[in-house]
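> Pasting in a structure now, in structure tokens, and then I'll have a few things to ask.
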């Protein structure tokens, strides 16, 4: 399912002294099955953009297309679009409200008018997808589990709607390093196993470089860059001018290269950096 933004602008508090243009003539296409990373400094327009993709916000100018459906404030198709496009906010555990984990995850499917048998099947499937044990957790309060588990419950509630697009706005915010890695690995597995489109908003250059297929960089409400991680993170000076950095591993490889060590600079993970350095050392010994 193609997502397309055509000349989209969005103005908050239009025609007031507090008028702010959050998006400025944005054109973007996201193809079905892509894993896209969205980065930019605070206030660049990232969250405003993704809220246009399931009708939480509407363009002041331009069009947003989800497949063949244009998102319109009075278009009557918002329920259908929100079933297709699931949005998980930053600190999604704040969205939890039911007495049990089962009821929280079942809330969306129940509002679709599904049978209890189908609802149960969806809850089980969604919990399994985020590594939550159905039998031991379904009757527990969502407020009596760990922060990482609460994050998974919130994601499962979106997955139970069986969306074609999953948008995650800073899904690892506030988690410890192990919790961050667990959540991101599960998101990557969801993308691989369910073949859904994933859009990940993050301030972590490492996470974006490691998991996404394409990176969109925003600045001042505009798209400043758009390309693969290799294409984006080698443009160090441009990123720094936008107030962004590059993955720490990539910065290390740049420093090694500047010191005369012949290593590639388009490396963004510890595993790839280790292999490149070992390869250089082996070549040096055999020289």
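> If I ask for residues that are buried (at least 19 other Cβ atoms within 10 Å of the Cβ) and at pLDDT 85 or above, which ones from region 257-275 would you list? Write out each step before concluding.
Within region 257-275, the first condition is being buried (at least 19 other Cβ atoms within 10 Å of the Cβ), and the residues that meet it are 265, 267-268, 273.
Once the filter is applied, which keeps residues that are buried (at least 19 other Cβ atoms within 10 Å of the Cβ) and at pLDDT 85 or above, region 257-275 yields only 273.
> Hey, which of the helices (runs of 4 or more DSSP H) in region 141-222, taking only ones fully inside, have at least 2 residues that are within 14 Å of residue 131 (Cβ to Cβ)? Break it down into steps so the answer makes sense when it comes.
Values: elements: 147-159, 177-194, 205-211.
Helices (runs of 4 or more DSSP H) meeting the threshold: 147-159, 177-194.
> If the requirement is being at pLDDT below 95, touching a helix residue (DSSP H, G or I) at 6+ places or on another chain (Cβ under 8 Å) and crowded, with 16+ Cβ neighbours inside 10 Å, which of these qualifies: 71, 105, 101? Write out each step before concluding.
Details: 105 fails: at pLDDT below 95; 101 fails: at pLDDT below 95.
Matching residue, one of 71, 105, 101: 71.
> Under 8 Å between Cβ atoms, which residue pairs at least 6 apart in sequence (or on different chains) link something in region 52-81 that is not assigned by TED's automatic domain parsing to the domain that holds residue 165 with a partner that is buried (at least 17 other Cβ atoms within 10 Å of the Cβ)?
none
The values are calculated or read from the model by the stated rules, or taken from the named source; none is laboratory data. Fair warning: this is a prediction, and the values are worked out from it, not measured in the lab. Quick reminder, even Gly has a Cβ in these numbers, built from the backbone with ideal geometry, and neighbours come from all protein chains shown.
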